[in-house]
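The structure under discussion appears below in the form of structure tokens.
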Amino acid sequence: MTCCPTPLGMTRRHFMRHLAGASTLALPAFALTRSLQAHAETLRRDHKSCILLWLGGGPPTIDMWDLKPGAPTGGPFKPMSTSGDLQICERLPLLAKQMQHLSIIRSMSTREADHDRGRYYMHTGYVPNPNVEHPSYGAVVAHELDENLTQLDIPPFVSIGGASEGPGFLGMAYAPFQVDANGRIRDVEAAVPWQRLADRMKLLAAHETQFINERRGSAAEDHAKVLAKTQALLTSKQMAAFQVRSEPREVQERYGNTAFARGCLMARRLVEVGVPFVEVNSGGWDLHQGCFTSLETKLPELDKAFSSLMEDLDQRGLLESTVVLSMGEFGRTPRINGNMGRDHYARAWSVVLGGAAIQGGRAIGQTNADGTGVETDSYSSEDLMATVCHALGISLQTTYTAKNGRPMKIAGGGRVIQELFV
């Protein structure tokens, strides 16, 4: 999804390019300083965050979280016991030790098996509609949770290693701030001297003030908010949170030497300084062929990074206030195709989540013996989003007004999955 046009004819991408910045917005190479640590320690105790681990392409959850040993659809992997009251794939031994903190919803049944539509639906709780651009998880959570974070210079919605869905009608102030796994800011092409950057900021600020005074609509005000955020961001010591390579070598090695691993480590650092929503992107899960060969590499990578994230959040006292959610746009077919792959399947699949008020170690819902259907209550994207919002303390009575004047319920009016909280 694209953001709405801004004043001066700039998209958000154009805006970031125009700022050109700050030494490739060359993020400072200093470590997490004492002042940054002090900021983290003084965060409000009731502050909440959410980390979304997005497995783009549609992961084969039947081979990961809901195995069917002995069934023709089962695949080559075996289930293993965990620290919770459930089993997962044997190729995820480190995560198995963290499952007391995580639960699996095995009865997801959603309506969209197309990549773009499924991605939009799972990010927003709404099916695509040409007349309305709905806000994504990140925008909703950022909008609801960043109000009291007056000391946070970093944008409240950060997407690492790939694009997320946009802010929809909530406005550009809640658009994802996209960086790569090394902390470099997307769409910034070249460095400029600081003095020239300062001059550009002054010029932009003057234009913003003119547009706002002329009452040309909400876009000018939204853009001005982003400009103010950017000015604070360029000189903030909180930018050190993006510098994952300042972590001790043993910590980096524990997470793994992959972009996704660095993204997970960065997510932990961002949550520490108070960012309400962080999305970490892992691609390559569209396994139409060679599914099991690919999983021999992908599952260990996921295992190291995901388990290390959970371990760190727990040890640092952050897990009680942070929801961690891992999912893709859908699951994959129980039937194994002629290319030893699995195709798109939205009828019966799984997601993993934990943290905050969510009880870990549970399997919620059940699929049938071959994984082709759900035997218990099924859950939708709306229900999942409502559950995450509930765990974060966001009221499900919240209703937004879209730009066309239509009221929109938060999380698409979904129901909370109560079994995760009792």
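Read the figures in this text as sums done on the coordinates, not as results from a lab. Predicted model only: the values in this text are computed from it and were never measured. A quick note on method: Cβ atoms are made from the backbone with ideal geometry, for glycine too, and the neighbour counts reach across all protein chains shown.
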Query raised in the report: How do Glu301, Glu250, Glu296 line up, fewest other C-beta atoms within 10 Å first?
Result: Glu250, Glu296, Glu301
**Report entry** Euclidean distance between Cα centres, the range 263-331 to the range 157-184, Å
**Finding:** 17 Å
Report summary line: Quick note, the range 374-422: a/c under 1.5 would make it rounded; otherwise a/b > b/c is prolate and the rest oblate (a ≥ b ≥ c, C-alpha gyration tensor); here it is oblate
Query - Sorted by Cβ density within 10 Å, fewest first, the residues Asp85, Asp66, Asp370, Asp146 - result: Asp85, Asp370, Asp146, Asp66
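Most exposed first by the Cβ proxy, i.e. fewest other Cβ within 10 Å, how do Leu353, Leu149, Leu86 rank?
Final ranking by Cβ density, sparse to dense: Leu149, Leu86, Leu353.
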Report task. Could you tell me whether the range 39-159 comes out rounded, prolate or oblate from its Cα gyration tensor? Rule is a ≥ b ≥ c as square roots of the eigenvalues, rounded for a/c under 1.5, then prolate if a/b exceeds b/c, otherwise oblate. Result -> oblate
Query raised in the report: So how strong a dipole does the range 264-361 carry about its Cα centre when Lys and Arg Cβ are +1 and Asp and Glu Cβ are -1, to the nearest 20 debye?
Result: 280 debye
Report task. Sort 302-314, 234-246 for me by packing, meaning the mean count of neighbouring Cβ atoms within 10 Å per residue, highest on top. Result -> 302-314, 234-246
Query raised in the report: Per residue and in Å³, how big is the convex hull formed by the alpha-carbon atoms of the range 252-400?
Result: 135 Å³
